[in-house]
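Nothing in this text is a laboratory measurement; each read-out follows from the coordinates by a stated rule. Owing to the predicted nature of the structure, the values given are computational and were not obtained by experimental measurement. So basically every Cβ, Gly included, is an ideal-geometry build from the backbone, and we count neighbours across all protein chains shown.
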Amino acid sequence: MSTDIDKTAAAPATARAMGPRDLLIRYGFLVLLLGMILFFSVTTSGFASPQSAVFILQSVSITGILALGVTATLVVGGFDLSIGSVATTAMMASSYVMVILGGDALTAALVCIAIGVIVGLINGVLIVYMRVPDLLATLGMMFLLVGLQRIPTEGRSIATGMTLPDGSTASGAFSPAFLALGRHRFDFILPNLVPVSVVVLIVLAILIWFFLEYTRFGRMMYAVGSNERAAGLAGAPVNSYKIAAYVISGVFASIGGILLAARLGRGDIASGNNLLLDSVAAALIGFAVLGAAKPNAYGTAIGALFVGTLLQGLTMMNAPYYTQDFVKGAVLVIALVFTFAFSRKAKR
């Protein structure tokens with residue numbers, strides 16, 4: 001008897017869940033993405049080509065990788081503002097190891113990963129044990145790294161054959177194996193179509209999605225972000241999970257820096273200026289995908305794709321470059337309104 005009552009009570013809830021408002025919250029952003037793709041395909045010549053699609057993926061690959069790192073910190077209720085500077089520091093460090101110190105690709109990559117781990121640990125310790133608010137701790141780290149990465153070369157970019165501060169000439173060069181990480185393309189339907197960075201993004205997105213959604217460690221990270229006190233009372237090592245999230249963020253940022261250095265073939269001091277804003281936008285837009293209203297790897301990947309598609313379409317339409325940040329900001333605000341304002345009204 002009670003089972004019949006429960007089914008009867010559940011039926012109206014299911015019907016309400018499929019109402020127009022709920023459908024809008026759940027699928028509105030994906031419809032917006034598809035509509036934008038159709039609009040640019042119709043109005044812009046060449047937008048719908050495979051080459052254009054791959055270019056979009058390549059343009060968002062590094063941003064997407066950093067955004068996945070941000071997602072890990074958002075899951076535990078934190079936030080990492082240092083990812084852009086970690087990525088540029090890794091880019092400069094890999095360039096320094098190969099061009100100035102004469103090291104190989106493996107050494108450069110390991111140094112970059114070590115930088116990500118160390119920065120993540122420092123951020124985590126400052127936030128967890130020193131009780132520094134996450135925004136302030138990672139903002140301070142951002143400024144520290146921006147200054148640190150400029151000291152060895154006195155603010156100069158690093159390139160093969162550059163003149164060093166002491167007047168000598170750098171004798172090292174970028175390893176071909178290292179450059180292949182940013183420039184090699186795999187055959188897929190067409191020859192030399194898919195860049196390595198796109199493959200790395202897809203692999204990392206799948207790994208972090210599976211990790212957060214289907215492993216005990218990932219579920220506990222969500223529990224910490226949802227209610228830190230309750231998770232601690234349940235016996236979860238809250239501090240360890242929070243520090244681990246910042247280490248993941250640092251490592252992902254370092255991977256992005258490696259790919260950026262390999263793509264450019266130099267340590268460009270100014271190339272990472274927009275990495276922070278674009279990656280944060282992708283991670284926050286991910287809240288609106290499928291009405292998740294929480295940080296999630298799938299939504300972050302879609303958010304990065306959305307940002308890349310938008311910027312590529314505007315560029316191909318010859319929209320002024322100075323309008324792109326405005327459009328990105330407007331889209332982010334709309335996505336967050338869909339996520340929080342409408343979803344809260346639907347729950348009432």
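The table for this structure:
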| quantity | calculated |
| --- | --- |
| Amide H contacts under 5 Å for Phe188, placed H, 5+ residues apart | Leu193, Val194 |
| Mean separation of Cα contacts under 8 Å, 6 or more apart, over the residue count of the chain: relative contact order % | 31 |
| Point-charge dipole on Cβ atoms (K/R +1, D/E -1) for the chain, about Cα centre, debye to 20 | 840 |
| Net length gained if the chain between Ala230 and Leu106 were fully extended (0.36 nm per residue, minus Cα distance) | 40.3 nm |
| Rounded, prolate or oblate (a/c below 1.5 giving rounded, otherwise prolate when a/b exceeds b/c) for the chain by Cα gyration tensor | oblate |
| For the stretch 114-252: relative contact order, % (alpha-carbon pairs under 8 angstrom, 6 or more apart) | 36 |
